[in-house]
1. Return the long-range amide H neighbours of Asn134 (sequence gap of 5 or more, or a different chain), with a cut-off of under 5 Å between placed amide H atoms.
2. With no solvent and one point on each alpha carbon, what is the Debye value of log10 I(q)/I(0) for region 184-314 at q = 0.11, 0.16, 0.22 Å⁻¹?
3. By average Cβ neighbour count within 10 Å, what is the ranking of 187-199, 163-175 from highest down?
4. How large is Rg/Rh for region 232-298, to two decimals, with Cα atoms and a Kirkwood Rh?
5. Please give the contour-minus-distance gain from Asp266 to Ile244: 0.36 nm per residue of separation, less the Cα-Cα distance, rounded to one decimal in nm.
6. I'd like the FRET efficiency for Glu299 and Asn166, computed as 1/(1 + (r/R0)^6) with the beta carbon distance as r and R0 of 45 Å, rounded to 0.05.
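Coordinate-derived values only; no laboratory data. None of the values given here were measured: they were computed from a predicted structure. We place every Cβ from the backbone using ideal geometry, glycine too, and count neighbours over all the protein chains shown.
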Amino acid sequence: MHSRLRFLVRWCLVRHCGRVAHNSGLKLCFERRWRCWISRSLGSTGSWWFVIVAFRPVSVVVSCSFSAGEGLAATAFADDLGGEDERNSANGGASEVPLWLRVPGNREYQKQPEPKALTALVLLIGSYDFLGLNYYTTYYACDQPSSNVVPSYVTDCNVDYLSERNGISIGPPTASDWLYVYPKGIRELLFYIKRKYNNPVIYITENGRGDNPNEESQTIEEAVQDTYRIDYYYRHLYYLLTAIRGNVNVRGYFAWSLMDNFEWSDGYLVHFGLHVVDQKNGLKRYPKLSAKWFKGFLENKPFCERCKTDQEFS
């Protein structure tokens, strides 16, 4: 097996064994009636959606399946917990182990006695209470032959991620170089999960965007006028609603984020919050237009009435 694929399979095997250990411990606790402090809630976060634009039939379809969550491991996580193949196996079907364990040449699986692997799989199937999804953006995807790329976390699935096609961006850019606004991607991702994983309980654990490009250094007065963030939430909530009306089992939604905070490699330069945090004035907070819009949305006010309060800064 290719060295990069072997590394990913081993990585997934470690995560798989961690889930088996966790569920084994929970099973023991429940058997001994230690229920007063045990929670079985499991979730997976960090998802992406991809629009396939050019591919070889097997290569990119499999690779994008691996990449629809956070790399190969996200699909391994969900498949472990009860994807289509695993439900077929539980019902006497032909498939016996998750896709990531069935990769040709996977010696890590071949070393294990088959009954042991199946026992672990049975322990995991249906062991989650919900799937948590972070959705921010979507990319185009096309085949990327492995001979043309330097091995890395991003290139291991042999897919080339594109933010534009034929010179046209997939959506408006933001101050985060990885985030392009593509609202209907959240609906497509939710319907995919419904089909593949038997419509599990889903919580949208993160959804939001940062500033417009080149607007990182704004005054407080400028920063609160974030009409682009209202547009982002409005459109994503619309497509989320269409998914719910399509019987996707979504139980909750969390906007990212309540206030501006430390955003990984961007630090405090990119702002995702519904509230401005004044770093130069004792971390004082000011609601943005998006916060007032969201408040009006939750109070079921008419759209035109949601941002009419006075600005609350001096």
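1. Residues meeting the criterion, in which the H sits 1.01 Å from N, are Gly46, Ser47, Thr205, Glu206.
2. Listed by q, the Debye log ratios stand at -0.45, -0.85, -1.28.
3. 187-199, 163-175
4. Values: Rg = 14.7 Å, Rh = 13.7 Å.
A ratio of 1.08.
5. 4.6 nm
6. E between Glu299 and Asn166, to the nearest 0.05, is 0.55.
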